[in-house]
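*Asks:* So that we are looking at the same thing, I have put the structure below in structure tokens.
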Amino acid sequence: MSNRNLIKKTPGKVVFGPDGDNVTFYSSSGISCELQETLVELPDLIHGASEQIVTGRLVEIKFTPTQFTAEALEKLFTHGSVRMGGSILGSTDTYVDVRTVDNVQRRITCAYIHQEPAVRCKTGQTILGEVVIRGIVGLSGNPTGLNAFWQRSTVAWDDDGWDPANEITPGWDFSWPLGTASAWDAIDTAEGVTITPKSDLTEDLSNRNGLINVTIQKYGVEITAKTLNISEELVLAALYNDLPLGSRKTSLGRDLKLNATTGGAFIRCFNAVLQPASLTYNATDTVVGDLKWMTSPLMSSHTKKHLLVSTTDPDEEE
């Protein structure tokens with residue numbers, strides 16, 4: 001006999017620990033959780049079958065945040081603050097909970113941001129792209145049991161963090177200030193601005209426990225925009241500026257700034273360097289269209305700063 005009560009369709013939210021319910025993400029497109037195993041095959045030359053041997057386990061969570069609480073935004077951008085060669089997991093385990101409306105919680109006991117989301121600054125579009133979180137065996141975990149990665153419990157559903165005001169879909173003020181008045185102070189774009197963090201990661205695999213650590217080898221931020229009001233002269237000056245061959249392009253970098261017109265979201269890409277551009281001459285397109293910048297931070301107190309995504313205005317804190 002069929003039982004419709006066994007048909008479960010349960011939207012939910014993602015909660016970061018150990019700060020608790022203040023750091024919450026909702027997604028209108030849902031949350032995907034995949035329990036993964038690394039397998040090797042031992043061929044059987046007599047029976048023609050292959051035996052599968054488990055050599056590693058992890059949990060992968062994917063979601064595109066539609067709405068989030070004020071404290072949550074900074075949680076997703078952590079790679080840039082880690083020194084090259086350092087662990088992106090930190091010295092202690094951090095948990096992430098997936099809670100659904102049927103009062104079930106799944107706790108990933110040792111979680112880390114595997115892929116920072118792209119930041120999409122376009123009117124009417126939510127600000128964040130897809131986030132990928134992975135859960136691995138913790139510092140004192142045992143990869144043999146499922147509880148090392150995935151712990152189910154009953155937690156009452158609440159909507160305390162739900163607020164349509166947390167859906168950031170504004171227009172944006174976009175600038176790459178030159179220091180003297182120019183069109184760089186107020187860049188008009190046709191399709192907004194996309195900011196994409198890029199991380200090169202190395203996984204440390206233990207022969208006994210599988211994946212136990214992830215370190216970062218390279219980090220940078222790419223910014224792309226289809227501009228409308230930037231002239232050919234401005235681009236040529238920003239690209240070359242009488243810079244001789246053999247010189248460092250970091251000297252041509254400037255901080256790129258985006259501020260939500262309604263407040264509540266502020267982005268800084270530090271020492272962004274304009275990349276070689278194409279110029280188009282026709283009656284349809286602007287001469288200067290697609291532009292791309294890459295962050296190339298100058299060293300300051302032995303710390304590299306690439307990207308700041310905040311709910312408070314950093315210019316007011318200076």
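The values are calculated or read from the model by the stated rules, or taken from the named source; none is laboratory data. Worth saying up front: this structure is predicted, and the values here are computed from it rather than measured. Using ideal geometry, Cβ is built from the backbone for each residue, glycine included, and neighbour counts are taken over all protein chains shown.
*Asks:* Outside any strand (DSSP E or B), of a type in the set (A, V, I, L, M) and surrounded by 15 or more Cβ atoms within 10 Å (Cβ to Cβ) - does that describe any residue in the stretch 252-268?
*Replies:* So far as the stretch 252-268 goes, yes, one or more of its residues are outside any strand (DSSP E or B), of a type in the set (A, V, I, L, M) and surrounded by 15 or more Cβ atoms within 10 Å (Cβ to Cβ).
*Asks:* With the condition kept exactly as written, say whether any residue in the stretch 217-224 is touching a Lys or Arg at 6+ places or on another chain (Cβ under 9 Å), at pLDDT below 95 and part of a loop (DSSP other than H, G, I, E, B).
*Replies:* no
*Asks:* In the list Ser206, Ser278, Ser199, which residue meets the criterion of being free of Cβ contacts under 8 Å to residues at least 24 places away in the same chain, within 30 Å of Leu35 (Cα to Cα) and touching a strand residue (DSSP E or B) at 6+ places or on another chain (Cβ under 8 Å)?
*Replies:* Values: Ser278 fails: within 30 Å of Leu35 (Cα to Cα); Ser199 fails: free of Cβ contacts under 8 Å to residues at least 24 places away in the same chain.
Of the residues listed, the single one that is free of Cβ contacts under 8 Å to residues at least 24 places away in the same chain, within 30 Å of Leu35 (Cα to Cα) and touching a strand residue (DSSP E or B) at 6+ places or on another chain (Cβ under 8 Å) is Ser206.
*Asks:* Any residue at all in the stretch 2-9 that is more than 23 Å from Gly145 (Cβ to Cβ) and assigned to a strand (DSSP E or B)? Before the answer, list the steps.
*Replies:* Of the residues in the stretch 2-9, the ones more than 23 Å from Gly145 (Cβ to Cβ) are 2-9.
Then drop every residue that is not assigned to a strand (DSSP E or B), which leaves none.
So far as the stretch 2-9 goes, no, none of its residues is more than 23 Å from Gly145 (Cβ to Cβ) and assigned to a strand (DSSP E or B).
*Asks:* Those residues that are surrounded by fewer than 11 Cβ atoms within 10 Å (Cβ to Cβ) and among the basic types (Lys, Arg), I need them from the stretch 9-22; list them, please.
*Replies:* Of everything in the stretch 9-22, just one residue is surrounded by fewer than 11 Cβ atoms within 10 Å (Cβ to Cβ) and among the basic types (Lys, Arg), namely Lys9.
*Asks:* Can you tell me which condition Trp176 does not meet? The list is (1) modelled with pLDDT of 95 or more; (2) farther than 30 Å from Ala237 by Cα; (3) of a type outside the set (D, E, K, R), and all the others hold.
*Replies:* Condition (2) is where Trp176 drops out.
*Asks:* Still on this structure, please answer the following. Thr100 is checked against (1) touching a residue at least 60 places away in the same chain (Cβ under 8 Å); (2) more than 23 Å from Thr154 (Cβ to Cβ) and fails just one. What number does that condition carry?
*Replies:* (2)
*Asks:* Something else about it: Out of the stretch 209-240, which residues are in contact with a helix residue (DSSP H, G or I) (Cβ under 7 Å, 6 or more places away or on another chain), surrounded by 14 or more Cβ atoms within 10 Å (Cβ to Cβ) and of a type outside the set (A, V, I, L, M)?
*Replies:* Tyr219, Ser231
*Asks:* List the residue pairs whose Cβ atoms are under 8 Å apart, where the first residue sits in the stretch 107-133 and is within 15 Å of Ser27 (Cβ to Cβ), the second is outside any loop (DSSP other than H, G, I, E, B) and basic (Lys, Arg), and the two are 6 or more positions apart or on different chains.
*Replies:* The qualifying pairs are Thr126/Arg120; Ile127/Arg120; Leu128/Arg120; Gly129/Arg120; Glu130/Lys62; Val131/Lys62; Val132/Lys62; Ile133/Lys62.
*Asks:* Oh, and also: Pull up the stretch 281-318, narrow it to residues that are loosely packed, with under 12 Cβ neighbours inside 10 Å and among the polar types (S, T, N, Q), then point me to the one that is modelled with the highest pLDDT.
*Replies:* My answer is Asn282.
*Asks:* Of all residues in the stretch 138-168, which are assigned to a loop (DSSP other than H, G, I, E, B), loosely packed, with under 14 Cβ neighbours inside 10 Å and touching a Ser or Thr at 6+ places or on another chain (Cβ under 9 Å)?
*Replies:* Those that are assigned to a loop (DSSP other than H, G, I, E, B), loosely packed, with under 14 Cβ neighbours inside 10 Å and touching a Ser or Thr at 6+ places or on another chain (Cβ under 9 Å): Leu139, Asp160, Trp162, Asp163.
*Asks:* Could you go through the stretch 145-159 and let me know if any residue there is modelled with pLDDT under 85 and more than 18 Å from Arg106 (Cα to Cα).
*Replies:* No, there is no match, as no residue in the stretch 145-159 is modelled with pLDDT under 85 and more than 18 Å from Arg106 (Cα to Cα).
*Asks:* Counting only residues that are surrounded by fewer than 17 Cβ atoms within 10 Å (Cβ to Cβ) and among the acidic types (Asp, Glu), give me the strands (runs of 3 or more DSSP E) lying completely in the stretch 23-96 with at least 1 of them. Don't jump to the end; show me each part of the working.
*Replies:* Values: elements: 24-26, 31-43, 50-63.
Answer list for the stretch 23-96: 31-43, 50-63.
*Asks:* Which one of these does Ser81 not meet: (1) under 30 Å from Gly263 (Cα atoms); (2) in contact with a Phe, Trp or Tyr (Cβ under 8 Å, 6 or more places away or on another chain)?
*Replies:* (2)
*Asks:* Continuing with this model, one more query. Only one of these is in a strand (DSSP E or B) and touching a Lys or Arg at 6+ places or on another chain (Cβ under 6 Å): Thr194, Thr202. Name it. Full working, then the answer.
*Replies:* Details: Thr202 fails: touching a Lys or Arg at 6+ places or on another chain (Cβ under 6 Å).
Thr194 is the lone residue from the list that is in a strand (DSSP E or B) and touching a Lys or Arg at 6+ places or on another chain (Cβ under 6 Å).
*Asks:* Still on this structure, I have one more. Evaluate the following for Arg107: is it among the basic types (Lys, Arg) and part of a strand (DSSP E or B)?
*Replies:* yes
*Asks:* Kindly indicate the residue of the stretch 181-234 that is closer than 23 Å to Thr94 by Cα and among the hydroxyl-bearing types (Ser, Thr, Tyr) and also nearest to the chain's Cα centre (by Cα) among those meeting that condition.
*Replies:* Within the stretch 181-234, the match that is nearest to the chain's Cα centre (by Cα) is Ser199.
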